[in-house]
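The values are calculated or read from the model by the stated rules, or taken from the named source; none is laboratory data. A quick note: this is a predicted structure, and the numbers were derived from the prediction, not measured. Reconstructed Cβ throughout: ideal geometry from the backbone, glycine too, with neighbour counts over all protein chains shown.
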Amino acid sequence: MLVYHSYYGCDTGCCGHIVRFEDEDNGHFDFGHPYGKDRLEWAKELLRETLGEDHVADLDWSQSVIVDD
């Protein structure tokens, strides 16, 4: 899984984060930012809201990448 900072449409200039899995062409876009929070906990909450608690529990978080640049 990859959580990374991106922009939503060239015409909007809005930014946020995308939750993306290797085998998916399109991930879930969220306008949120961690703003000083622990990135791992923030990403877990984002995933929980996006896909549900089951996916948070069964992910190998040591193999996940969270980027907030």
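Quick look at the numbers
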{"read-out": "Failed condition for MET1, given (1) modelled with pLDDT of 75 or more; (2) surrounded by 15 or more Cβ atoms within 10 Å (Cβ to Cβ)", "value": "(1)"}
{"read-out": "Selection count, the stretch 53-69, where residues are over 13 Å from the mean Cα position of the chain (by Cα) and among the small types (Gly, Ala, Ser)", "value": "2"}
{"read-out": "Of the criteria (1) modelled with pLDDT of 75 or more; (2) surrounded by fewer than 10 Cβ atoms within 10 Å (Cβ to Cβ), which one ASP11 fails", "value": "(1)"}
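For every residue, the table says whether it meets (1) out of contact with any His (no Cβ under 7 Å at 6 or more places or on another chain); (2) part of a helix (DSSP H, G or I); (3) at pLDDT 75 or above.
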{"position": "HIS17", "(1), (2), (3)": "no, no, yes"}
{"position": "GLU22", "(1), (2), (3)": "yes, no, no"}
{"position": "GLY36", "(1), (2), (3)": "yes, no, yes"}
{"position": "LEU46", "(1), (2), (3)": "no, yes, yes"}
